[in-house]
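J.: If you scroll down you'll find the structure; I have some questions about it.
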Amino acid sequence: MRSFDDTRGECWQAALLEASYGNIALVFSPMRGSEVRQTLMLAETLTEAQEQLAALDDAGLRRMLDEAQPWDGGNLT
């Protein structure tokens, strides 16, 4: 799990989630509020996704947050 601030100074947490059909999602949740967002990781294994997440700097996390879709109960699109 990683914590970072978005461009407005709001604190978010980013965590990996093993989803169905072998998909791995990066789920963003704000420290305040309820606007949970999600995006698919381009990784074949959880270990690979963890390495990708660890390699991201805060700017990379902000870009992924900007591109993430609203959480819809786990249905990844």
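J.: Give me the angle, in degrees from 0 to 90, between the Cα long axis of helix 46-55 and the longest principal axis of the Cα atoms of the chain, rounded to the nearest 10.
T.: Approximately 30 degrees, to the nearest 10.
J.: While we're looking at this one, here's another question. Long-range amide H contacts for Val36: which residues qualify at under 5 Å (H placed 1.01 Å from N, peptide plane, sequence gap of 5 or more or a different chain)?
T.: Excluding prolines and chain starts, which carry no amide H, the hits are Trp71.
J.: Another question about this same structure. Pairs of Cα atoms under 8 Å, at least six residues apart: use those to get the relative contact order of the range 21-77, whole percent.
T.: This gives 38 percent for the range 21-77.
J.: In the range 1-39, which trypsin sites (Lys or Arg not before Pro) are in a loop and have at most 13 other Cβ atoms within 10 Å, using DSSP for the loop call?
T.: Here the sparse-neighbourhood loop sites are Arg8, Arg32.
J.: Ignoring ligands, DNA and RNA, please state the percent of accessible area on the chain from carbon and sulfur, probe 1.4 Å.
T.: That fraction is 47 percent.
J.: Here's another thing I want to ask about it. Which of Leu53, Leu42, Leu26 moves the most in a Gaussian network model of the chain with Cα springs under 10 Å?
T.: Looking only at Leu53, Leu42, Leu26, the largest GNM fluctuation is found for Leu42.
J.: Amide H neighbours of Ala19 under 5 Å, counting only residues 5+ apart in sequence or on other chains, H built in-plane at 1.01 Å?
T.: Amide H neighbours of Ala19, under 5 Å, 5+ apart: Ile24, Ala25.
J.: Residue by residue through the range 30-45, which ³J(HN,Hα) values in whole Hz follow from phi under the Karplus form 6.51 cos²θ - 1.76 cosθ + 1.60 (θ = phi - 60°), with glycine and proline marked x?
T.: With the stated coefficients, the range 30-45 comes to x, 5, 10, x, 9, 7, 6, 10, 8, 8, 7, 8, 8, 9, 8, 9 Hz.
J.: Let me ask another. Using only Cα atoms and rounding to the nearest 10 degrees, what angle (0 to 90) does helix 58-67 make with the longest principal axis of the chain?
T.: 80 degrees
J.: Which value in deg cm²/dmol, rounded to the nearest 500, describes the helix-derived mean residue ellipticity at 222 nm for the chain, given -39,500 (n - 2.57) per DSSP H run of n ≥ 4 and division by the residue count?
T.: Computed mean residue ellipticity for the chain: -7500 deg cm²/dmol.
J.: Which of these, Ala54, Ala15, Ala25, has the largest mean-square fluctuation under a Gaussian network model of the chain (Cα springs below 10 Å)?
T.: The residue that fluctuates most here is Ala54.
J.: Quick check on the chain: take the gyration tensor over C-alpha atoms, sort the square-rooted eigenvalues as a ≥ b ≥ c, and tell me if it's rounded (a/c under 1.5), prolate or oblate.
T.: Taking the square roots of the gyration eigenvalues as a ≥ b ≥ c, the chain is oblate.
The values are calculated or read from the model by the stated rules, or taken from the named source; none is laboratory data. Remember, it's a predicted structure, so these values are computed and weren't measured experimentally. FYI the Cβ positions are ideal-geometry reconstructions off the backbone, even for glycines, and counts take in every protein chain you see. When the accessible area is computed, the model is the full protein with side chains, heavy atoms only, and any ligands, DNA or RNA have been set aside. Shrake-Rupley method; radii C 1.70, N 1.55, O 1.52, S 1.80 Å.
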